[in-house]
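Below you'll find the structure, written out as structure tokens, and then a few comments.
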Amino acid sequence: MKKMICLFLSLVVCFFVSACDKNNTNTKDTSLGSQEETQNIHGSYKLIVNGKEIASDIAFSINHEKQYAEIPLTEALSALGCQVEWVNEKRVEIRCNDTVYVLNPSAQTLVKSGDSFNMIAVAPGATHGLYCEILDREFIIDSDSVSYFLSLLGAQITIDYENDTVKIDWKT
């Protein structure tokens, strides 16, 4: 009888742990469904990289309430002068400053070649979880989660919420 109770309790604990784990996967910020929040997201904005406006067929947005922008990462890195090559759906090679980085869009990882440290991480103090998605071979990620990586490259993101403008420039 004790074995049955222990087995039952173990199953219940496993069920709750599994349910909690499923609720914490923030592949896409699904909390964006509320009407109030949708009003804080603008369908288009200007993305300026190194002083040049980047035109894209994909609509991106700025979330005024949670204070982040969606960044088309591979387009922005190309505009910064990095070489970006989509090897396949699970591997994008980024060459910048004589260093190779590997982006796995489906696993939401960005690592220096030969390393295992994921440089995609929500910045401390951010008011949201990780937001990323893949659209037409473009990896879109929230500005907070990619700011560390861009900083390592020597670039910085500036968001002008009043004018719906995102700038990515090399630090001077």
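For the pair residue 87 and residue 165 in one chain, pulling the backbone fully straight at 0.36 nm per residue adds 25.0 nm over the alpha carbon distance.
The aspartates and glutamates within cross-link reach of residue 52, meaning a Cα-to-Cα straight distance under 15 Å and a gap of 8 or more places when in the same chain, are 75, 169. Its residues counted as N, region 40-172 yields a C-alpha radius of gyration over 2.2 N^0.38 Å of 0.98.
Net length available on complete extension from residue 50 to residue 151 is 34.9 nm, with 0.36 nm assigned per residue and the Cα-Cα distance removed.
If you wrap the Cα atoms of region 124-172 in a convex hull and average its projected area over all directions, you get 4.6 nm².
Every read-out reported here was derived from the displayed coordinates using simple, explicitly stated rules and does not represent laboratory data. This structure is a prediction, so every number in the text was calculated from the model and none was measured.
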